[in-house]
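Q: I'd like to ask some things about the structure below.
What follows draws every value from the coordinates through simple rules; no lab data is involved. These numbers were taken from a predicted model, which means no experiment stands behind them. Reconstructed Cβ throughout: ideal geometry from the backbone, glycine too, with neighbour counts over all protein chains shown.
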């Protein structure tokens, strides 16, 4: 668990019912913080605030007294095939939601930090290149999405507020996310390399992801922060470690062509290589509970 913050926080979270948002809400409440959720329906409880990112509607007064907003809402990257319409939804859901919150915070004028979700897709497919927050952004659909997504925080930054771009990597979670699909296959020894298996995956456990987000709330950091573990590995090595914990060899590869037929354009993201390091996070004193793939996979299997 994250160390207690120096004071009790009142944190607003968008995407609070999602994989990361719900786990973060639990962590923050456990350490004594008050958590409110931004919801797109009529509020049913005192800890809910109505907003409508599609029409960029959010009453700034509703955020008065909040110490930080953690913005995690957005259409799922791997939930559907990347049709033209769904690619538009991926982009617009992120830009509209981020602009709505950033504008409301700027209009409110209180010193509220914005920890805005982002993704390691910022760097594009970079092979074996070691990537840090100082690396230039890459090319491709997801890199373009991240550019627009992070730029949408402009109103908050221009108002002098502290803004963090939490560039999250592959989140290893027992229920939800990519591993929810992989785990059942791995138990039968079928989760071998994807494509060549040589592409780098920069991973982080859900446990450390939410601890890192709490750290970003507490610490005086701003700008891009890579939320990935300290041990980026080739995808085949990640699958091998999972197989070892399960006692199942992970050797049968998933051919690139088959992946593209099943997953469409999203396969290019899965097959892309991003060797990302958490330079800003570790320099700020954050210590990972799962700093090796072996400890991560043991946790993942034990929690599933």
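Q: Let me have the 222 nm mean residue ellipticity of the chain computed from DSSP H runs of 4+ only, each contributing -39500 (n - 2.57), with the sum over all residues rounded to the nearest 500.
A: On the way: 11 runs with 118 residues, N = 304.
Helices in the chain give a 222 nm mean residue ellipticity of -11500 deg cm²/dmol.
Q: Now for a separate question. Compute the acute angle (0 to 90°) between the alpha-carbon long axis of helix 206-218 and the principal axis of greatest extent of the alpha-carbon atoms of the chain; round to the nearest 10°.
A: The answer is roughly 30 degrees.
Q: I'd like the orientation of helix 84-108 relative to the chain: the angle between its Cα long axis and the longest Cα principal axis, in ° from 0 to 90, rounded to 10.
A: Taking the Cα atoms of the chain, the angle to 84-108 is about 30 degrees.
Q: How long are the semi-axes of the ellipsoid equivalent to the range 149-204, from square roots of 5 times the Cα gyration tensor eigenvalues, in whole Å, largest first?
A: 36, 13, 8
Q: Here's something else I'd like to know. Highest mean first, how do 228-237, 139-148 rank when packing is the count of other Cβ atoms within 10 Å averaged over residues? Please report the intermediate quantities before stating the final value.
A: Details: 228-237: 21.0, 139-148: 18.0.
Taking the mean over residues of other Cβ atoms within 10 Å, the ranking is 228-237, 139-148.
Q: Can you tell me the mean projection area, over all orientations, of the convex hull of the range 96-240's alpha carbons? Units nm², please.
A: On the way: hull surface 37.9 nm².
Over all viewing directions, the range 96-240 projects a mean Cα-hull area of 9.5 nm².
Q: Additional query: So how tilted is helix 235-246 from the main axis of the chain? Cα-based, degrees 0 to 90, rounded to 10.
A: Approximately 80 degrees, to the nearest ten.
Q: Just to confirm my numbers, what's the Cα centroid distance between the range 71-133 and the range 203-244 in Å?
A: After rounding, the separation between the Cα centres reads 17 Å.
Q: How many Å³ per residue does the convex hull of the Cα positions in the range 1-124 occupy? Write down the numbers at each step before the final one.
A: Working: hull volume 16.3 nm³, N = 124.
Dividing the Cα hull volume of the range 1-124 by its residues yields 131 Å³.
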